[in-house]
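The values are calculated or read from the model by the stated rules, or taken from the named source; none is laboratory data. Since the structure is predicted, the reported quantities are computational estimates derived from the model, not experimental observations. Every residue, glycine as well, gets a Cβ built from its backbone with ideal geometry; the counts of neighbours run over all protein chains shown. Remember, those area values only see protein heavy atoms, side chains included, never the ligands or the DNA or RNA. Shrake-Rupley method; radii C 1.70, N 1.55, O 1.52, S 1.80 Å.
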Amino acid sequence: LWRLLFLTMTVLLILPVLIILATLIVKGGPAISLDFLFLEPTNGMTGGGIFPALVGTLWLVAVALLISVPLGVAAALYLSEYAPNNWLTRVINLAIINLAGVPSIVHALFGVGAFVLFFGFGTSILAASLTLAIMTLPVVIVTTRESLLAVPRAFREACWSMGATRWQTIRGVVLPNAVSGILTGVILEVSRTAGETAPIMLTGAVFFLPFLPQGIFDQTMALSLHLFVISTQVPNVPEHLPYGVALVLIAMVLMLNAASIGFRVYLRGRKKW
């Protein structure tokens, strides 16, 4: 009976996702072509392709990952391997949990005040990526910390008994055995980063840009903002166009996640415990 109940719950969770994917494939499939993927928008955003938005999304995701993953892993290392169990550590953990629940629009306003105005980055890929990195940082910290704690303490004690320092143990034993779990946080971050609209709309993404960004201080288009614009702000858009953009966005996220999952499975296969 319990097995049947859990199976029913699983099906109820998966079914809406399958319906959404099927709808996007049926309605957005006719829009997919080489011109759609490799041309810029034309005719007032009602025609052409999405290449600038596709490249801009990759820029935002890549820069956000380069910022948040090292910071998140370093914070998790401190909290799990170095920090004592006192009131300060508990306050930090509570702050991380609360940061994960802050709405994205609040992060967007913070990004405008901190990165666009205070640090003077302006509306740019760097400002938008920093905002996305701050927003997704709690996910990386929590998943990394849990992965580090999952490594058996006996591994650490064996290294210490051989004369290894704490950092040598972390670098040579703990981190390699926790990489597969750390990638879980990276997968979750990629999914959320690629799909966010509010944080980038106020900090770096633009309605239309006729050229590709050349660096992190340039503005850029993004798939999520492009989808929002053509769905709500542009009249006379062909019905298949928004569905095509959504299909490409989901396909890109799935491909990035599949690459991360494949690497994670490979690393887990090398574990001996």
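Any idea what the dipole of the chain comes to, in debye rounded to 20, about its Cα centre with Lys/Arg Cβ at +1 and Asp/Glu Cβ at -1?
Value, rounded to 20: 1240 debye.
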Given labels modelled 7 Å from the Cα in the Cβ direction, how far is it in nm from Ile32 to Leu71? 3.5
In Å and on Cα atoms, what radius of gyration and Dmax does region 95-165 show? 18.4, 53
Could you please state, rounded to a whole Å, how far the C-alpha centre of region 95-167 is from the C-alpha centre of region 216-273? 22
For the ranges 11-22, 88-99, what's the packing order if you count other beta-carbon atoms within 10 Å of each residue, average per peptide, and put the highest first? 88-99, 11-22
Largest-first ranking of Leu66, Leu24, Leu71 by accessible area, probe 1.4 Å, whole protein assembly kept, is Leu66, Leu71, Leu24
Given the Cα atoms of region 122-273, and with Rh set as the inverse mean 1/r over their pairs in the Kirkwood sense, what is Rg to Rh to two decimals? 1.13
For semi-axes √(5λ) of the Cα gyration tensor in Å the list reads [x] 55, 21, 13; [y] 38, 24, 17; [z] 32, 25, 17; the calculated value is entry [y]
Not counting ligands, DNA or RNA, and with a 1.4 Å probe, what is Met201's accessible surface area in Å² rounded to the nearest 10? 80
Please state, rounded to one decimal and in Å, the Kirkwood hydrodynamic radius that region 13-130 gives when every pair of distinct Cα atoms enters the mean of 1/r. 18.4
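Find the Rg to Rh ratio for region 172-212, where Rh is the Kirkwood radius over alpha-carbon pairs and Rg uses the same atoms.
Here the Rg-to-Rh quotient is 1.26.
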Which value, in Å² and to the nearest 10, is the accessible area of Phe211 when all protein chains are kept and the probe is 1.4 Å? 110
Over the chain, relative contact order from alpha-carbon pairs under 8 Å, at least 6 apart, %: 29
